[in-house]
Amino acid sequence: MTWNGWLQILVYFGLVLALTKPLGVYLHRVFESGERPLPRLFGPADRLLHRLCGVDPNQEQDWKQYLLSLLVFSLMGTVVSFLILVFQDRLPLNPQGQEGVSWHLAFNTAVSFLTNTNWQSYAGETTMSYLSQMVALAWHNFVSAGAGIGVALALARGLTRRPAPDDPGAKGLGNFWSDLIRSLVYLLLPACTVLALIFVSQGVIQNFAPYLDVATLEGALQPMAMGPVASQEVIKMLGTNGGGFFNANSAHPFENPTAFINLLQMLCIFAIPAALTYAYGRMARDQREGWIIFWSMAVLFLAGTTTAYWAESHANPALSGLAIEQSVGNMEGKEVRFGIAGSALFATVTTDASCGAVNSMHDSFTPLGGLVPLVNIELGEIIFGGVGAGLYGMLVFVLLSVFIAGLMVGRTPEYLGKKIEAREMQMSMIYILIFPLVILIFTAWSSVTEAGVSALANSGPHGFSEILYAYSSAAGNNGSAFAGLSTNTPWWNVTLGLTMVLGRFAMIAPVLAMAGSMRGKRTVPPGPGTFPTNCLLFLGLLVGVILIVGALTFFPVLSLGPVLEAFLAPHNRLF
């Protein structure tokens with residue numbers, strides 16, 4: 001651990017903090033203000049798309065209508081993506097003549113990008129055509145991010161809006177179609193246009209050229225993949241999607257060529273999730289509410305980064321029999337140009353934010369270093385989290401913490417003046433229990449079936465960790481992996497696809513139901529027993545509840561994987 005490494009971490013967090021308020025103000029104006037920013041620039045496109053889609057932005061939906069719109073849109077997008085992937089060999093923009101993919105890989109990939117997971121059971125440069133990369137995959141990177149923002153806004157509106165006695169829109173949570181359009185027009189498309197140009201200026205490629213054959217030092221010819229990389233790289237980071245154009249993902253020099261781009265990619269991952277906390281504070285009419293959520297996320301992020309950096313700064317005990325210098329730490333699976341600090345920070349950021357992009361191989365981390373990304377995902381992807389998903393996941397824990405605080409003082413719990421009752425807690429428990437239920441059932445099943453274990457490259461605790469990480473990543477809509485697991489088989493493609501669908505939509509449904517329940521409630525003035533939710537005491541309670549729920553749920557299974565591996569590592573040397 002070096003001062004240079006700590007400086008990288010502190011500079012990064014300082015930049016995230018600096019972006020949070022201005023971007024949060026911008027998001028609030030886009031979605032909640034009658035005077036949207038840059039009306040002459042974005043207004044015509046906004047009005048045109050609303051008109052073409054037949055959407056009245058003033059026609060609000062209740063939670064069932066909002067959910068139905070989301071599900072119908074997602075289903076249609078999945079069908080289109082599935083067909084493009086299966087028949088890509090018959091479509092244009094395929095200079096390498098890539099064949100159509102199998103039905104199970106097409107299913108896995110379509111739902112992967114639909115659910116903002118971007119799990120890849122394939123090597124992108126040897127499997128997907130340019131058309132598939134742009135239309136079937138990058139398209140979903142935009143709209144899945146927009147859908148996540150919409151769900152977060154719907155829950156925030158349900159919590160913060162205060163209906164008048166005769167309010168005809170007392171059940172309205174906004175309009176899914178309008179939220180999606182505005183997330184694209186005002187945020188994702190313009191930001192990605194500017195950032196893609198910056199990426200290209202630094203060496204990220206963007207072309208439609210066929211692959212090149214280059215001579216190696218040995219005189220042989222080696223194919224060098226080309227393609228429209230920068231345009232997909234930007235939205236995969238800004239939308240916390242994570243799918244790489246190349247199999248090596250952000251460790252590939254055509255995706256991540258410089259230290260500046262590495263920093264910019266990490267900033268893109270946290271920018272919108274962090275800003276949404278500030279926008280939420282404005283919606284709540286109390287900015288401290290937003291900052292409490294931000295700093296709860298920040299405490300968990302800094303704790304995870306510190307642990308990963310410490311673990312990877314130590315030698316890998318499995319390699320201690322080799323005559324190699326490990327004084328700088330565990331460099332296996334890492335890019336020398338990013339080093340220990342840059343790799344540990346990137347791994348923490350990408351698994352905090354359900355992004356899944358990687359600039360190092362998590363499978364090669366030390367046992368405790370690899371434990372950090374796994375725990376980040378299993379806490380529910382709420383440490384800043386995915387675009388929108390991090391905020392609505394954290395708000396579920398906020399309501400749970402308020403309920404626990406209410407039990408402590410013997411009063412009906414209240415949040416922002418609204419009483420939290422049995423229905424809200426039922427929806428919270430469904431949300432919290434679905435996640436581990438899906439992960440643990442499929443992990444146990446794959447650990448004892450031939451179709452599951454045949455894909456493992458490692459045995460023992462590390463092999464178990466590979467299975468656990470795969471289903472955790474799929475359910476958390478993260479997309480990163482312990483790469484020793486070969487998942488392009490019918491069993492893994494189907495089960496991981498089902499896990500991704502459940503991890504996305506089975507958790508969105510109770511969130512929107514909760515939003516609908518809270519939307520119409522009258523506000524009551526705070527009383528002497530009301531627990532304040534905008535103070536440091538609540539911040540500590542919120543962090544404690546998150547850690548306790550995560551520990552009680554996943555500690556037993558983690559003990560069989562990375563924790564056991566850490567104890568056995570000194571005795572299981574490779575050489």
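Candidates are the residues of region 1-44 that are of a type in the set (Gly, Ala, Ser) and in a helix (DSSP H, G or I); the one that is farthest from the chain's Cα centre (by Cα) is Gly43. Out of curiosity, is Val234 buried (at least 19 other Cβ atoms within 10 Å of the Cβ), without any contact (Cβ under 8 Å) to a residue 60 or more places away in the chain, touching a strand residue (DSSP E or B) at 6+ places or on another chain (Cβ under 8 Å) and on the phi < 0 side of the Ramachandran plot? Against the criterion (buried (at least 19 other Cβ atoms within 10 Å of the Cβ), without any contact (Cβ under 8 Å) to a residue 60 or more places away in the chain, touching a strand residue (DSSP E or B) at 6+ places or on another chain (Cβ under 8 Å) and on the phi < 0 side of the Ramachandran plot), Val234 does not qualify. Within region 153-161, none of the residues are small (Gly, Ala, Ser), surrounded by 24 or more Cβ atoms within 10 Å (Cβ to Cβ), part of a loop (DSSP other than H, G, I, E, B) and in contact with a helix residue (DSSP H, G or I) (Cβ under 7 Å, 6 or more places away or on another chain). The single condition among (1) outside any helix (DSSP H, G or I); (2) more than 30 Å from Pro163 (Cα to Cα); (3) among the β-branched types (Val, Ile, Thr) that Thr530 does not meet is (2). If you go through region 422-470 and pick out every residue that is within 17 Å of Phe397 (Cα to Cα), surrounded by fewer than 22 Cβ atoms within 10 Å (Cβ to Cβ), in contact (Cβ under 8 Å) with a residue 40 or more places away in the chain and not polar (S, T, N, Q), you end up with 5.
Assess whether Thr2 counts as being surrounded by fewer than 19 Cβ atoms within 10 Å (Cβ to Cβ) and touching a residue at least 40 places away in the same chain (Cβ under 8 Å). Considered against the rule, which asks whether it is surrounded by fewer than 19 Cβ atoms within 10 Å (Cβ to Cβ) and touching a residue at least 40 places away in the same chain (Cβ under 8 Å), Thr2 comes out as yes. Under the condition of being surrounded by fewer than 24 Cβ atoms within 10 Å (Cβ to Cβ) and of a type in the set (Asp, Glu), the residues counted in region 352-366 number 1. Collect the residues in region 237-252 that are closer than 23 Å to Gln96 by Cα and surrounded by 24 or more Cβ atoms within 10 Å (Cβ to Cβ), keeping them in residue-number order. Within region 237-252, Gly243, Gly244, Phe245, Asn249, Ser250 meet the criteria.
Scanning region 471-508 for residues that are in contact (Cβ under 8 Å) with a residue 60 or more places away in the chain and aromatic (Phe, Trp, Tyr) yields Phe482, Trp492, Phe505. When Ile377 is tested against (1) touching a Pro at 6+ places or on another chain (Cβ under 9 Å); (2) crowded, with 23+ Cβ neighbours inside 10 Å; (3) under 20 Å from Ser559 (Cβ atoms), just one condition goes unmet, and that condition is (1). Of the residues in region 80-101, not one is of a type in the set (Gly, Ala, Ser), within 21 Å of Gly479 (Cα to Cα) and in contact (Cβ under 8 Å) with a residue 60 or more places away in the chain.
None of the figures in this text is laboratory data; all of them are computed from the coordinates on show. Keep in mind the model is a prediction, meaning the values are calculated, not measured. Note that we place each Cβ from the backbone using ideal geometry, even for glycine, and neighbour counts take in every protein chain shown.
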